[in-house]
Every structure is written in structure tokens, then in C-alpha cells.
Amino acid sequence: MRPILPASAPRTGAALPTVLIGLGLAAALAVTAAFTWSALTRGGGTGRPWSGPVTGLAAGALGGASGTAARVVLTAAGVAAVAAVGALLARDPPPGLPLPRVTGMLAAGAVLVATGLRERPGAAVVGLCCVALVLAEFLAPGRRRPLPGGVALGLAVALQPALVLFAVLLAVGRARRRALRAVALALALDAAAWAARPAASARGWRRVADSVAVAGPDSRSVPGLLAQLHLHGVPLLLVWAAAGTAVCVLALRRGSLLAADLQRPLALGVAGCAVAFAAPRAGADASAWLLLAAVGRVGRRPEDRALWPVVAATVALLPPSLLDPTIEPVSGLLLRNAPALTAAAAAAVLPFRRTGDPLWSVRRRPGPTPAHPFGRSYLPLLPAGLRPVSRPNPLLELLFVQVGYGVYSWIRNAAPDRAAVAVGHARQVLRAEELLHLDAERLLNGWALREPAVLDLSLFFYKSFHLIVPMLVLVWLYLWRPGRYRTSRTVLFTATGLALAGFWAYPLAPPRLTPGLGLRDSPAGTVATAPLGALTELTNQYAAMPSLHIAWALWCALCVSAATRRRGLGGLAWLYPAATLFAVVASANHWVLDAVGGAAVVAVGCLVQYVLTGRRLLDRSAGLPPGTVLPQQQVAGGAERGSPPRGA
């Protein structure tokens, strides 16, 4: 077997523009310093991240020091760790990795540092230091290595004993002396720590054992996952040991092969994911190994290549609450434990491509060259490679929809719900409607209250079709109009993001929650007792401007009328936003101007999409298959006047 790493690694990253790398690294350092200091100053302390005698000794030393001294030491350690990781990755990036991916990794690392430090700053700093030490051991060139071979890894193993897997990786790669030196140094440091503080060291190991034996269902580690499957005590330990051993063995074999293929960061990421899977606790370092493994290439089609990096970054950077819809128990179990399951997949399952694989360099074909939006030569903003019109990966789209809905729900519910301010804004909207003669709420709601069947139908329509119809339109576009799917999806996501900003900036009470108007959503209801069932308890009732009911309904009508060749169906599609407008106003859930706001965010979404890609939502040329060349006069006009192609 070839050595795990050559004695002197080639400087593959020397040609990268150092300015952008420096900016990304500077941003990561600034975020690290700011969040470490603020988290420790806020009173979070170091927490209980210590899992070995050496870390316990360090915790005792920091505990005996003054608060300011401990904060200075931890902040400096975090900044130094991030600087070392950034410098090593920028110097030796994975083969074929473009510059945007390198800077993106640094930016993702900054976000990771921010999230990890805000939860448990002590654990995050220790984990980042261990990541930096492991990378220094494997990626630093032999002659310029700051520490003798094996010393950096020995320090990392002393801080986190689970990292001994990297010593085995060295031994498998014919670097046995360095592996033995690392293990010997770790044992010596552990023995010294035991001798200095035997009682504290014993308590630390006992605390780790207790956390595994009584792992809670909220834990993001494998013992927590097994506890959710109703395993406890000895069965839990046996299953955990068997699964961890299998994953580690597979990760060692895959890591040695990837390292021999000169994909060193990916090899370290695979081994680190195995460590994170087998470790009794999951911390910020587990997410760091997952980000390293995200550089691997998976998939046959170019459209499938982005799936794995996006999944890894999503799992590493987002909390499980944004992934779990809390609707179905089985899917909720998988999504809540996405970090551990994703780490296991990266370590033992995913078929990462080798550099000699014919599919290694397969590139995605760009879409047809559009006209310059508004006659500006620097538009569209996205490069050709990011403007395809082919069908994207379905799992990636499902992930986008799931995360997008989670972010939408979180922001909508976290938006300011100040009742007094929202009611004041509602009276402003009512005065504006009266000035424009658009105040139809009293008329429609009064008729609905007199006709219970109309009110019940409006409430059913309001609660039932809001999510179902847009999802059906997305599925229809993906399956039968793939050339228009990306354009339509971008408009929908942009409009929804703008609406969320409106919810946050302008809390607005709906008509039924505005006192003194007599508008209700039930004949016997009042302003204080007029809930929409469980919907009232799950959503922010003061997020009304703009109306996403109208925005999504209008988007559905636009997509269907633009993508279909049947004029009758296109005209029929416009009945849906009309019915939605009647339902939301008659049930006193939205003002008429809320609908105007919904139409405005859709219009801005279409504009943003046009500026990014040069394709219009209503443009007949937007659905051309990849590689199609348009006639020059049609490109100049920005639209095709003939019959639309089959993909449109």
C-alpha cells in the first residue's frame, strides 16, 4: 500500500489568488474572536466539554484563573485554530477544487465557529484546536512541519482520545513511527494528568460513561439515536460498539485509498466523520469533519454533483429543528439525527470519485445564451455554468424545499408579534384602503358571516390549499416542464424571502384581530376568541404583510399559464388567485393591500430571476433544452415568437 502522505506534499494551492483566500480567512478569524469572547462574557463559561485527563487538567487550570484570563486564552486558542485550518486548506486544497469552493469552505467554517461557540464555547474551542492539530500533522510539509512527526497528533489524541483513529490511519499508510510517537505522547500526557489530578480525571471519565449510559433523546450523538430507538444500558453499548467499529474500519480503508489518490482533505474528512460517529458526544469538531468531507465528488450526472456538498453543509451548519417538520415520526427520527447518519454515510457508504475516474471531470452544460437584461452587457449576473435549464437532482430539490419551509416557519414565528404595533399598522392599512376605495373587508366578511356555507368554504380554502397547490405545481414543472423548473423555483424562493423580511419589518394585525371593526372568522367569534384551530397556535398571527397566500397563488397561475400550451388551462389557472383573494378577505385573515404586497414580492422575484439568469418567467425561450442556440434576432428580442419547444 502506498504511504498515507508523501514526505513533502506538492503545493497545489500556490496559484490561488491570495487576496480572496486572505479575505475569507480574515472573516473567519473575526467571527471566531467575536463569538468566543461574547459567548464567554455572556456567562456561558466553558461548559463541560472535557472528555479526558488532559482536557480536565486544562479545565481546572482555566477554572482557577480569573474570568478575563480564561476568556483571553480560549479566544486566542480559537483564533489560532481557525487560522491554522484556513492556512493549511488554502495551501493544499483538494484537486480540481475551484476557488469559490475554497473561499466557501472558509465562510462555512466561520458560520460553524459562530454556531458552535454560542452553544458550548469550551467544547467548540477544544474541537477546533484538535482539528487544527490533525490537519497540521497530515497536511504540513515534512521539512516545514512546525512540530516533529507525531507530536501534533499526539496532542490532539490527548485532548480527544477518539482521535486515536488517525494514528491507526498513519500506521496503515506506512508511517508507523509517527503513529507510535503520537500514541506514546498521548499516553504520557494522560498519565501526567492522572497523576496531577486523579480524582478529577476519574470524575471526568465517569461523567462521559454516564452520558453514554443515560443518553437523552435530544442528543445528536449515536448513543442519543439509539436511546430514541428504546435501547438502554448494555444493549445500547453493544450496538454502539459494533456500529462504531464497522464504520471506523471502513473509513480507514477508504481514507487510505483517498490519501493515496492525493485527496488528502477528503481522506481526513472521511476519517474524522468516523471519529464523530463513534464518539460519545457530538460537538463543533464533528461538523468541521463533515465540511472537510463535503469536498468529495459523488454522482454520475453533473446535476447530481451539488447534492452531497449541500447536504453536508446543511447538516453541519443548520440546527436539526429546521430540518424536522415534526409531522411524521419516522422521518422526524431520521432528520433529528441527520448529523450522525450523514457522518456515517460519509465515512463508510458514499462512493467518492477518484481523480482517474472518467466521471471526475464531467461538467454541466449551460443553458442557451440569453439577451443582456435591460441591454446591460454585465447582465445576467450568474455565469453560464450556473444558468442551466436541465432537470436538477430531485433529492437536492427536496432538501431545498424542506430547509426553505423550515426557515420560513422559523422566521415567520420569530418575527415580532407586538400586538399594539401590529394593530396600529392595521389601522394605517385601513386608512390607506379607504383613501384608495379598496376597503372591501366589511362587505365580503359581512356576507360570509350571513352565509355560514360561504364562510366555512373560505376557511377550508384558506387552510387547505396554501401549501398543497404550490407543491403540486412544483412537481408538475419538475416532471413535465423541466426547462422551466429552475426559473420558476427561483422566483418562488425569492418572493418568499422578501415576504419574510416584510413579516419582520412590518408586523400587521389581520382584520379579525383588529378591535372595533366587527370583522370575525366565525359567526359567534369575537376578536379575542376567533382562532383558526391549531393554525393559530403554530403561526405568528401578526405576519400578514405581504400575503403569502396571494403571492404563492399568483406564482402558481403565472407558472401554469407560461408553461402550458393550452390557452383554456392557462386562463383557468388565474381562477385560483382570484378564489384565494376572496377566501383570505372574506374570512378576515388579510387586508386587500396585503394581496397587493403579495403581488409586489412576486414581481420583484421575477425581476431578480431575470437579472440573475436573463430568463423571463413568461418568456417562451426560457424552457429551451440545454445547448440550444437561438437565432440572433430572437436573442436580441429576448423572446421567441414562434411555437414553444416541447420542453417549454
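ASP261 meets all of the listed conditions (1) more than 13 Å from THR342 (Cβ to Cβ); (2) buried (at least 24 other Cβ atoms within 10 Å of the Cβ) but one, namely (2).
Could you tell me whether LEU508 is open to solvent by less than 30 Å² (accessible area, probe 1.4 Å), assigned to a helix (DSSP H, G or I) and of a type in the set (A, V, I, L, M)? No; evaluated as a whole, the condition is false for this residue. The residue that is farthest from CYS130 (Cα to Cα), among those in the range 293-314 that are in a helix (DSSP H, G or I) and open to solvent by less than 10 Å² (accessible area, probe 1.4 Å), is ALA312.
Restricting attention to the range 174-192, the residues that are touching a residue at least 12 places away in the same chain (Cβ under 8 Å) and within 17 Å of ALA162 (Cβ to Cβ) total 7. So for the range 518-536 (the condition being of a type in the set (Ser, Thr, Tyr), modelled with pLDDT under 90 and part of a helix (DSSP H, G or I)), does at least one residue qualify? Yes, the conditions are met somewhere in the range 518-536. Contact map, the range 359-385: first residue over 11 Å from VAL611 (Cα atoms) and in contact (Cβ under 8 Å) with a residue 40 or more places away in the chain, second residue open to solvent by 80 Å² or more (accessible area, probe 1.4 Å) and part of a loop (DSSP other than H, G, I, E, B), Cβ cut-off under 8 Å, separation 6 or more or different chains; pairs are LEU359/ARG300; TRP360/ARG354; VAL362/ARG300; VAL362/ARG301; PRO368/VAL629; THR369/VAL629.
Of the residues making up the range 606-627, at least one is at positive phi and at pLDDT below 85.
Tell me whether the range 487-507 contains one or more residues that are touching an Asp or Glu at 6+ places or on another chain (Cβ under 9 Å), modelled with pLDDT of 90 or more and closer than 30 Å to ALA562 by Cα. So far as the range 487-507 goes, yes, one or more of its residues are touching an Asp or Glu at 6+ places or on another chain (Cβ under 9 Å), modelled with pLDDT of 90 or more and closer than 30 Å to ALA562 by Cα. Any residue in the range 376-396 that is part of a helix (DSSP H, G or I), at pLDDT below 90 and either under 27 Å from MET545 (Cα atoms) or open to solvent by less than 30 Å² (accessible area, probe 1.4 Å) (or both)? Yes, there is a match, as at least one residue in the range 376-396 is part of a helix (DSSP H, G or I), at pLDDT below 90 and either under 27 Å from MET545 (Cα atoms) or open to solvent by less than 30 Å² (accessible area, probe 1.4 Å) (or both). Selection of first residues in the range 391-410 that are closer than 19 Å to VAL491 by Cβ and of second residues that are open to solvent by 70 Å² or more (accessible area, probe 1.4 Å) and not charged (D, E, K, R), restricted to Cβ pairs under 8 Å at least 6 apart or on distinct chains, gives the following pairs, ordered by first then second residue: PHE400/PHE493; VAL401/MET471; GLY404/PHE493.
Restricting the range 329-362 to residues that are part of a loop (DSSP other than H, G, I, E, B) and in contact with a helix residue (DSSP H, G or I) (Cβ under 6 Å, 6 or more places away or on another chain) leaves a set whose member that is surrounded by the most Cβ atoms within 10 Å (Cβ to Cβ) is ASN337.
Examine the range 194-203 for a residue that is closer than 23 Å to VAL168 by Cα, modelled with pLDDT of 65 or more and crowded, with 16+ Cβ neighbours inside 10 Å, and state whether such a residue exists. So that I can check it myself, show each step before the final result.
Kept after step one, since they are closer than 23 Å to VAL168 by Cα, are these residues of the range 194-203: none.
No, the conditions are met nowhere in the range 194-203.
In summary, helices (runs of 4 or more DSSP H) completely within the range 541-601 and bearing 2 or more residues that are crowded, with 19+ Cβ neighbours inside 10 Å occur at 548-563, 575-586.
Does the range 244-258 contain at least one residue that is part of a loop (DSSP other than H, G, I, E, B) and at pLDDT 80 or above? Scanning the range 244-258 turns up no residue that is part of a loop (DSSP other than H, G, I, E, B) and at pLDDT 80 or above. For the range 463-496, a residue qualifies if it is within 17 Å of ARG387 (Cβ to Cβ), open to solvent by 20 Å² or more (accessible area, probe 1.4 Å) and under 24 Å from the mean Cα position of the chain (by Cα), and the qualifying residues are ARG486, ARG489, THR490, PHE493, THR494. When each of SER488, SER458 is tested for being within 16 Å of LEU581 (Cβ to Cβ), of a type in the set (Ser, Thr, Tyr) and assigned to a helix (DSSP H, G or I), the lone residue that passes is SER458. Taking the criterion of being touching a helix residue (DSSP H, G or I) at 6+ places or on another chain (Cβ under 8 Å), open to solvent by less than 90 Å² (accessible area, probe 1.4 Å) and assigned to a helix (DSSP H, G or I), the residues of the range 431-448 that qualify are ALA432, GLU433, GLU441, LEU444, ASN445, ALA448.
The values are calculated or read from the model by the stated rules, or taken from the named source; none is laboratory data. These numbers come from a predicted model, not from an experiment. Glycine also receives a Cβ, built like all others from the backbone with ideal geometry; neighbour counts cover every protein chain displayed. Areas reflect the complete protein model, heavy atoms only, side chains present, ligands, DNA and RNA absent. Shrake-Rupley method; radii C 1.70, N 1.55, O 1.52, S 1.80 Å.
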